[in-house]
Structure formats: C-alpha cells, structure tokens
1. For LYS118, give me every one of the lysines with a C-alpha distance below 26 angstrom, ignoring sequence neighbours fewer than eight places off in its own chain.
2. Given the alpha-carbon gyration tensor of the chain, what are the semi-axes of its equivalent ellipsoid in whole angstrom, ordered largest first, with each equal to the square root of 5 times an eigenvalue?
3. How much length is gained if the chain between LYS102 and THR30 is pulled fully straight, taking 0.36 nm per residue apart and subtracting their Cα-Cα distance, in nm to one decimal?
4. For the residues MET37, MET107, what sequence is obtained by ranking on other C-beta atoms within 10 Å, fewest first?
5. How large is the Kirkwood hydrodynamic radius of the stretch 42-119, counting all unique pairs of alpha carbons, in Å?
6. Whole number please: convex hull volume per residue of the Cα set in the stretch 1-91, in Å³?
Amino acid sequence: MKEIVLATKNLDKIKEMREVFKDMPLRVLTFHDFPCMEEIEESGNTLEENALIKAEAWARFTNKWALSDDTGLEVEYLGGRPGVFSSRFAGIGATYEDNWRKLLKLMEGVVWEKRKAKFRCVVAIVSPQGEKLIVEGVTEGYITCEPRGSEGFGYDPVFYVPEKGKTFGEMSIEEKEEISHRGKALRIAKEILNKKLEGKGNVKNERV
C-alpha cells in the first residue's frame, strides 16, 4: 500500500482527513484524481453500512485502497435523530445551515440538561482485494441554543464540548481533530495502517 484514495467529494472532510494523514509515507488521492467517479448513493441503514458502500465502490473503481467515513449526530431529546440522516436532516440538498437551524427549531425551549448529544463517526477502509477495516469514534456534548463560531462545518456551530468549553465551530482544525469523533476514528485507522506499512500487521476484516 503506497496510495490511498479518500472516498468522498466533501471538501471539508478531505481537509480534516489530510490533516491526520499528513505525516504518513502514503500518497493521499481524492476525487480530483478520478474525475469520472460518480457520486455514490448512501443507501445504508447505519453509519457503518454507508461508510462501507462508499469505500467499496471507490476501491473497485480506482483499484486502490479507499477510505470513507459516515458521521451522525445523535441527539438524546430527539430519540437519537438525526443520526444516519444528519447530512440531509432538512431535506435532500439541504445546506449545513439548513440542517442546524432545523435542529435548533426542534430544540426550542428544551433545558440544557436535556440537550445532550453525541457525534459518531465510522471510518471504513477497503482494499481492492476486499480487505476491510472498520473503526469508530465518538464525542459527547450538548446542543447549544444558538450557533457559536464560524470554523468547521456541518453541525459544528451548535455542538458544544464541555471539556473544551466551546463548540466545534469555535475550534481550529487542529484543536477539533484532537477530540472529535472523526479525529479519534482516523487516528485508530492511522495506527493500524502504519503497522501495515511497516510490515507489522494486516488489515483483514477487522473492526475496532
């Protein structure tokens, strides 16, 4: 393995992923290197299913190792919603702001103690031969009553992390990566990939 393709067309995710893998002896490729690759429909019922659907499709198309993630925001007061539908919570084609505004509307009047939420990120790495690695990261926090900060993307302006005393939207990409769900999952994946690159481990249908 000398190359890995990031199986997403989300520029914000690519930015965060590149930050984690920047010091690895690995060439990171993106959709810019494969302009003919079509958008993959996320038809799974779980984050894991969606991450695998994308990684498997990109691995087949590019004949390279592919990495994908699917992330969901689970709000306790809403029974775990939006979950797997986080990116399209306000409908197909919704913007980041559309989604978090809908969330805040549904949470109007809800006391702080009942605004608990957690971000879950499942990262899938698939080889052209079908080897699979699944890892998961979780960050717990609260939904704010109004947006705070202009950094990050998605629900970052309304997701408050108590240990930092600020929202993801108020954090730099480096600060967010240290504690975020995606950062946690990617660091686990990075450790396993580094062992493989050093010839000290394999990736064979592993789940962490």
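1. Qualifying lysines at Cα under 26 Å: LYS9, LYS13, LYS15, LYS54, LYS102, LYS105, LYS132, LYS164, LYS166, LYS176, LYS184, LYS190.
2. Calculated on Cα positions only, the semi-axes equal 30, 18, 15 Å.
3. On the way: separation 72, 0.36 × 72 = 25.92 nm, distance 3.12 nm.
Gain in length upon complete extension: 22.8 nm.
4. MET37, MET107
5. Values: mean 1/r = 0.0718 Å⁻¹.
With all distinct Cα pairs of the stretch 42-119 included, I get 13.9 Å.
6. Details: hull volume 10.2 nm³, N = 91.
So the per-residue Cα hull volume is 112 Å³.
Computed from the coordinates by the stated procedures, all read-outs in this text should not be read as laboratory data. Remember, it's a predicted structure, so these values are computed and weren't measured experimentally. So basically every Cβ, Gly included, is an ideal-geometry build from the backbone, and we count neighbours across all protein chains shown.
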